[in-house]
Amino acid sequence: MKSIKLLCFDLDDTLWLSDPVIQRAEVTFYTYLNDVAPALTARFSPEALRSHRLAYLTRYPELKHQVSRWRLASLSDALKISGYSSQSDDIAQKAFSIFIEARQKITLFPHCEKIIEELSKHYMLISLTNGNADLGLQAVSQYFTASYKAEQLNAAKPDPALFLKALSIASCSPEEAIHIGDNIIDDITGAKSAGLLTIQACLKADSPAPHTLADDHFTDWLELPKKIEQLRIR
Ligand SMILES: [Mg+2]
């Protein structure tokens, strides 16, 4: 029987489906820009703006784990290119706030909140995300002891930094923790290399098959407590 003290959770595509949220946030972001900076949207289609953002990262690789600062700085640069030199930072800041607000409009997977509440009675829960979703804005955050984003630690999963941070908050060893997430590289390989047990979230229609490195997987939140229990007694 293992002693499990900590459950770490990825957010996007683990607690909620991420694609529709990001797509809606991108549309809201671009629509706003079209209203306030038409010279920008005349020059940059949504795809071109995305390409510009990616190219910006090759110039400023230090922004790699700073997803919010990266979006803000690359937009400000695109605004300058489009002739909004003195207003570029202000417009970028407002457009980013609109994006980030839309980014938080998530819908939890069925049964997620109820299961999280139940698990929080037995384990410490900590969320670890590479994105800029803010769990603190969701009611379900009341069950979490802490939430970390890659941008806070300037290191993204699969780097062990986020996992080690969670272990230190919970004062437990890697064998006493399970990481639950959907991404094979970031979540499964990353948590495994930090020594944690792993459960792969396979909750999307096109989720990758359960990876051999994952200790288990689940396809519905209702299955998760049993999967955790099975790992504990294994
Ligand atoms: Mg994810």
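The values are calculated or read from the model by the stated rules, or taken from the named source; none is laboratory data. On a predicted model such as this, the values are computed, not experimentally measured, just so you know. Every residue, glycine among them, receives a Cβ derived from its backbone with ideal geometry; neighbour counts consider all protein chains shown.
Among the residues making up the stretch 43-74, a single one is in contact (Cβ under 8 Å) with a residue 40 or more places away in the chain and of a type in the set (A, V, I, L, M, F, W, C): Val67.
Consider the stretch 108-124 and keep the residues that are away from the ligand (no atom under 16 Å from the Cβ) and not in a helix (DSSP H, G or I). The one that is surrounded by the fewest Cβ atoms within 10 Å (Cβ to Cβ) is Lys121.
Return the residues of the stretch 188-204 that are of a type in the set (A, V, I, L, M) and either in contact with a helix residue (DSSP H, G or I) (Cβ under 7 Å, 6 or more places away or on another chain) or modelled with pLDDT under 95 (or both); say none if nothing qualifies. Ala191, Ala194, Leu196, Leu197, Ile199, listed by residue number. Is the stretch 84-107 home to any residue that is within 16 Å of the ligand (Cβ to nearest atom) and surrounded by 18 or more Cβ atoms within 10 Å (Cβ to Cβ)? So far as the stretch 84-107 goes, yes, one or more of its residues are within 16 Å of the ligand (Cβ to nearest atom) and surrounded by 18 or more Cβ atoms within 10 Å (Cβ to Cβ). Here the stretch 199-231 is the region considered, the condition is being of a type in the set (S, T, N, Q) and over 17 Å from the mean Cα position of the chain (by Cα), and the residue that is farthest from the ligand (Cβ to nearest atom) is Gln230. Among the residues of the stretch 1-26, those identified as touching a helix residue (DSSP H, G or I) at 6+ places or on another chain (Cβ under 8 Å) and of a type in the set (A, V, I, L, M) are Met1, Ile4, Leu6, Leu7, Leu11, Leu15, Val21, Ile22, Ala25. State yes or no: is Leu15 crowded, with 20+ Cβ neighbours inside 10 Å, touching a Cys at 6+ places or on another chain (Cβ under 7 Å) and on the phi < 0 side of the Ramachandran plot? Spelling it out, Leu15 is indeed crowded, with 20+ Cβ neighbours inside 10 Å, touching a Cys at 6+ places or on another chain (Cβ under 7 Å) and on the phi < 0 side of the Ramachandran plot. Return the residues of the stretch 140-155 that are out of contact with any strand residue (DSSP E or B) (no Cβ under 9 Å at 6 or more places or on another chain) and of a type in the set (A, V, I, L, M); say none if nothing qualifies. If the condition is that a residue be out of contact with any strand residue (DSSP E or B) (no Cβ under 9 Å at 6 or more places or on another chain) and of a type in the set (A, V, I, L, M), then Leu153, Ala155 are the ones that fit.
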